[in-house]
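First up is the structure itself, then whatever we jot down about it.
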Amino acid sequence: MKTGAFVCSCAGTCDIDLEAAREGIEEVDVAASSELLCGDGLPAMEQVIEEYELDQLLITCPEPGVQEKLGGVAEEHGLHPDAVSFVDQREGAGWVHAESDATDKTARMVNARHAGLEEEAVSRSVSREAGEHVAVVGDAETAATLSGDAEVTLIADGREFAGVDGLDDVTIERGRVTGVAGEFGEFSVRLESRVTDECISCMKCVHEGPDGMVTRRPVDIAPEAPDGEWTDVCPTDAIEMDGVTREIEVDQVIYPGADPKARGGRIGYYTNAGPETVAAVESLLGGIRKPAFLDFEMDVCASGESNQEGCRACYDACPHDAVAKPRPDEVEIDEIACQNCGACTSACPTGAVSLREPSNERIAREVEALLSTGADQGGWLSRGSSGIEKPIVAFVCGERADDALSEYGRRSAAGAGIEYSPILPVGVNCADTVGESHVAHALACGAAGVAVVGCGCDCRHSGPDPKEALVERLNRATRDLGLGERVGFFAPEADDPEGFVDALAAFEASLSSSPVPEGEHRADGTLLHSDHENPEFYNHGWTLESVRTILEHAEPEREVIRGLKDFGRMEVNDACTLTPTCSNLCPTDAIRRTEWGLEFNHEKCVNCGLCEEGCPESAITMHDGLDLSLLPENRADDAESADGDPAWTQTFEGEMLECARCGDPFTSERSAAKIEEEVGDLVSGLAPSADESIFNYCPDCRAFLVYDRGN
């Protein structure tokens with residue numbers, strides 16, 4: 001594929017050195033520039049496309065209308081529309097940074113986009129059929145608006161709709177909502193009422209009941225209404241003062257005023273009303289077809305084994321109820337409910353669940369390109385040109401945060417004079433996409449700092465300040481690694497640029513130059529010594545690879561690196577009877593039983609906790625943290641390495657019991673002694689010909705002796 005890059009200064013309004021930006025662009029067949037690419041520069045661009053026979057274009061242009069124009073020109077020259085990609089050199093660089101920083105950043109962003117496109121996933125879609133039945137709670141106007149296109153049930157929820165127009169085609173249900181369960185296409189709304197379906201709306205209870213406590217349309221009685229003789233007026237005995245419950249099955253639910261947290265991010269469930277909600281409901285009538293956001297491999301999942309629960313990371317992280325555990329040892333992903341936030345993928349240590357776009361590998365390649373200085377190819381930075389002094393990789397949420405930064409650029413161009421530190425952006429779906437592996441990789445590539453830029457208000461996925469705990473955890477890890485604190489969370493608000501500018505400036509000022517050289521590391525995304533079949537760039541292996549790179553240039557302050565949740569250290573106490581439960585349960589083969597006890601591979605362990613939870617003797621305790629002394633490269637000369645393999649350590653030493661008849665080891669001495677203590681009296685004399693206790697024989701020999709009976 002032949003690729004061309006085109007840089008524009010938007011009629012000279014962007015402070016960008018076009019020549020220097022061209023020289024900073026790597027790995028393309030041709031780089032060209034123009035002060036106004038969509039105007040005077042357009043004929044030259046067409047000439048370059050034809051001369052170099054280009055079939056992929058990278059163009060610096062954030063303006064939608066111009067993007068459409070340039071895309072049309074590319075199509076006229078035989079390029080596919082998807083082969084044209086645009087980079088924001090204006091709002092995100094030339095309008096908010098000084099010339100040298102903006103020039104450097106523009107070149108790096110083009111390089112990153114090119115690298116990311118090399119890893120772009122092939123699109124895949126999922127679908128689910130549904131009906132057109134919509135429940136609207138208490139909002140007559142919204143119910144009336146939808147009634148022309150959908151089958152609408154208006155749930156009164158205690159309101160009075162007598163005299164309200166526009167409800168001729170709407171079914172009105174009495175009762176207060178006490179719960180909403182289910183998912184898109186299969187919602188169940190539970191109602192509680194003091195009037196049953198036997199009501200014929202004769203209005204007797206309305207006339208006789210307490211003032212203001214009995215509604216006319218639909219007839220219903222307020223929960224606080226007092227009991228009394230008036231309840232006897234109903235000719236059909238439809239009044240039930242103790243309350244009756246019933247459920248309504250619908251495809252979508254509009255419940256204005258409901259707790260957004262109770263909604264859980266479910267598709268087809270809305271907690272506000274208005275034109276946007278009506279449009280969203282109408283778009284889902286009959287069903288949904290959407291991109292598939294995730295890949296899932298149950299074979300490498302650490303959720304459990306043999307009905308024993310282990311890792312719950314994805315289940316606990318998902319804010320949209322898209323992850324289910326039908327059994328303790330199983331995980332199911334509802335791809336329709338998934339909303340592409342990445343919370344499950346950044347939490348999963350094994351790579352069982354992964355984002356399709358952007359994938360971890362795409363993010364890795366973009367970060368590496370952003371931090372490449374071109375020094376190995378004679379790039380402009382290697383020749384002494386000024387550029388970004390403290391490179392800060394910024395994982396930018398593609399929802400509100402990205403829009404806020406664009407607004408800063410527009411305000412600055414309009415005269416507000418907004419300027420902030422030249423962060424190097426990596427677009428992510430949500431701040432939840434970012435985990436310890438992404439941050440560790442950026443630092444391994446030489447970033448001076450890592451900024452997670454997300455929503456400071458109520459994130460529609462995980463609420464306010466979703467990354468506060470992650471930042472605290474990772475700063476503990478970077479301190480232990482000898483780097484100091486290098487991670488920050490930032491929440492740009494469109495109407496408060498000063499707050500973001502000041503916070504980012506303070507963060508940049510707190511950073512010293514990284515001891516890790518910039519732009520030298522390229523990740524493989526795998527473990528160094530493991531043959532376990534996890535996907536490449538799974539979080540545990542990718543993080544460890546990055547830590548190893550960092551340690552080539554930094555002096556750790558502690559032997560155990562805290563704050564890295566995907567690493568565990570196994571401790572076994574004397575209660576261990578060497579049953580094979582833990583080794584059988586371990587999903588990453590990090591535990592093995594031998595004739596001498598238990599061995600543990602710290603490098604493989606993802607800290608799922610399955611061994612600790614499943615141990616029948618409660619003999620195992622797992623501790624968080626990466627213990628550098630247990631990594632094989634630090635134990636090559638350790639005499640205690642198991643079988644001479646430094647990846648394995650003896651975590652418990654015990655004795656295996658050899659069969660008194662055949663001599664084969666079959667269980668541990670502790671286990672045999674414990675069983676004999678518990679049930680020895682019950683089987684006493686069962687094998688009279690045995691020379692020793694029946695528990696000193698393997699199962700085969702024991703069966704023989706029991707059957708032989710001394711004959």
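The values are calculated or read from the model by the stated rules, or taken from the named source; none is laboratory data. Keep in mind that this is a model prediction, so the values were computed, not measured. Neighbour counts are summed over all protein chains in view; Cβ atoms, including those assigned to glycine, are modelled from backbone coordinates with ideal geometry. Accessible surface is based on the protein model in full, side chains and every heavy atom, while ligands, DNA and RNA are left aside. Shrake-Rupley method; radii C 1.70, N 1.55, O 1.52, S 1.80 Å.
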Scan region 89-98 and tell me whether some residue there is surrounded by fewer than 16 Cβ atoms within 10 Å (Cβ to Cβ) and in a helix (DSSP H, G or I). no
Does Gly541 satisfy the criteria of being closer than 16 Å to Ala647 by Cα, small (Gly, Ala, Ser), crowded, with 21+ Cβ neighbours inside 10 Å and touching a His at 6+ places or on another chain (Cβ under 8 Å)? no
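Quick grid of which residues meet (1) open to solvent by 50 Å² or more (accessible area, probe 1.4 Å); (2) under 23 Å from Asp139 (Cα atoms):
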residue: Gly182; (1), (2): no, yes
residue: Ser193; (1), (2): no, yes
residue: Val206; (1), (2): no, yes
residue: Ala225; (1), (2): no, no
residue: Cys234; (1), (2): no, no
residue: Thr245; (1), (2): yes, yes
residue: Glu249; (1), (2): yes, yes
Pairs with Cβ under 7 Å, 6+ apart, first in region 125-149 and open to solvent by 20 Å² or more (accessible area, probe 1.4 Å), second of a type in the set (D, E, K, R) and assigned to a helix (DSSP H, G or I): Asp149/Glu282
Would you check which residues across region 64-80 are part of a helix (DSSP H, G or I) and closer than 15 Å to Gly4 by Cα and list them? Leu70, Gly71, Val73, Ala74, Glu75
Could you go through region 70-87 and let me know if any residue there is surrounded by fewer than 21 Cβ atoms within 10 Å (Cβ to Cβ) and of a type in the set (Phe, Trp, Tyr). yes
Within region 420-431, the residues that are open to solvent by 10 Å² or more (accessible area, probe 1.4 Å) and either out of contact with any Phe, Trp or Tyr (no Cβ under 9 Å at 6 or more places or on another chain) or in a helix (DSSP H, G or I) (or both) are Pro422
Considering only residues that are part of a loop (DSSP other than H, G, I, E, B) and modelled with pLDDT of 95 or more, look in region 436-462 and name the one that is surrounded by the fewest Cβ atoms within 10 Å (Cβ to Cβ). Ala448
Could you count how many residues in region 2-30 are assigned to a strand (DSSP E or B) and over 36 Å from the mean Cα position of the chain (by Cα)? 1
Residue by residue through region 685-703, note down the ones that are without any contact (Cβ under 8 Å) to a residue 40 or more places away in the chain, closer than 24 Å to Thr579 by Cα and more than 49 Å from the chain's Cα centre (by Cα). Glu692, Ser693, Ile694, Phe695, Asn696, Tyr697, Asp700, Arg702, Ala703
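Condition check ((1) part of a helix (DSSP H, G or I); (2) open to solvent by 60 Å² or more (accessible area, probe 1.4 Å); (3) over 30 Å from Leu628 (Cβ atoms); (4) charged (D, E, K, R)) across all residues:
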| residue | (1), (2), (3), (4) |
| --- | --- |
| Pro646 | no, no, no, no |
| Thr651 | no, no, no, no |
| Leu657 | no, no, yes, no |
| Thr667 | no, no, yes, no |
| Ile675 | yes, yes, yes, no |
| Glu678 | yes, yes, yes, yes |
| Ala690 | no, no, yes, no |
| Phe695 | yes, no, yes, no |
| Phe704 | yes, yes, yes, no |
Can you go through Thr178, Thr171 and tell me which one is touching a Ser or Thr at 6+ places or on another chain (Cβ under 6 Å) and either part of a loop (DSSP other than H, G, I, E, B) or polar (S, T, N, Q) (or both)? Thr171
Test result for Thr153, out of contact with any His (no Cβ under 6 Å at 6 or more places or on another chain) and either crowded, with 24+ Cβ neighbours inside 10 Å or part of a strand (DSSP E or B) (or both): yes
Could you grab me the full set of residues in region 578-602 that are out of contact with any Pro (no Cβ under 8 Å at 6 or more places or on another chain) and assigned to a loop (DSSP other than H, G, I, E, B)? Leu578, Pro580, Cys586, Pro587, Thr588, Asp589, Ala590, Trp596, Asn601, His602
For the structure I just gave you, tell me whether Asp700 is in a loop (DSSP other than H, G, I, E, B) and open to solvent by 40 Å² or more (accessible area, probe 1.4 Å). no
Please find, within region 32-58, the residue that is least open to solvent (accessible area, probe 1.4 Å) out of those that are over 42 Å from the mean Cα position of the chain (by Cα) and within 20 Å of Gly94 (Cβ to Cβ). Gly41
Pairs only if they're at least six apart or on different chains, beta carbon under 9 angstrom, first in region 294-323 and closer than 17 Å to Asn534 by Cα, second aromatic (Phe, Trp, Tyr) and open to solvent by less than 30 Å² (accessible area, probe 1.4 Å); list them, first residue then second. Val300/Tyr538
Restricting attention to region 319-336, report how many residues are on the phi < 0 side of the Ramachandran plot and out of contact with any strand residue (DSSP E or B) (no Cβ under 9 Å at 6 or more places or on another chain). 2
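To keep it simple, each residue is scored yes or no on (1) at pLDDT below 60; (2) surrounded by 24 or more Cβ atoms within 10 Å (Cβ to Cβ); (3) in a helix (DSSP H, G or I).
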site	(1), (2), (3)
Thr350	no, yes, no
Pro358	no, no, no
Ala364	no, yes, yes
Ala369	no, yes, yes
Ser372	no, yes, no
Asp376	yes, no, yes
Ser385	yes, no, no
Ile388	no, yes, no
Can you tell me which residue among Val244, Val233, Val219 is farther than 27 Å from Gly166 by Cα and touching a residue at least 40 places away in the same chain (Cβ under 8 Å)? Val244
Which one of the conditions (1) under 30 Å from Tyr420 (Cβ atoms); (2) surrounded by fewer than 17 Cβ atoms within 10 Å (Cβ to Cβ); (3) among the hydrophobic types (A, V, I, L, M, F, W, C) does Ala20 fail to meet, given that it meets all the rest? (2)
With the condition kept exactly as written, say whether any residue in region 307-314 is surrounded by fewer than 20 Cβ atoms within 10 Å (Cβ to Cβ), part of a loop (DSSP other than H, G, I, E, B) and either in contact with a helix residue (DSSP H, G or I) (Cβ under 7 Å, 6 or more places away or on another chain) or at pLDDT 95 or above (or both). no
With Ala107, Ala115 as the choices, which residue is closer than 25 Å to Ala401 by Cα, of a type in the set (A, V, I, L, M, F, W, C) and buried (at least 23 other Cβ atoms within 10 Å of the Cβ)? Ala107
Is it the case, given these coordinates, that Leu79 is modelled with pLDDT of 95 or more and either of a type outside the set (Lys, Arg) or under 28 Å from Glu419 (Cα atoms) (or both)? no
If Arg327 satisfies every condition in (1) assigned to a loop (DSSP other than H, G, I, E, B); (2) touching a Pro at 6+ places or on another chain (Cβ under 9 Å); (3) over 29 Å from Val136 (Cα atoms) but one, which is the exception? (2)
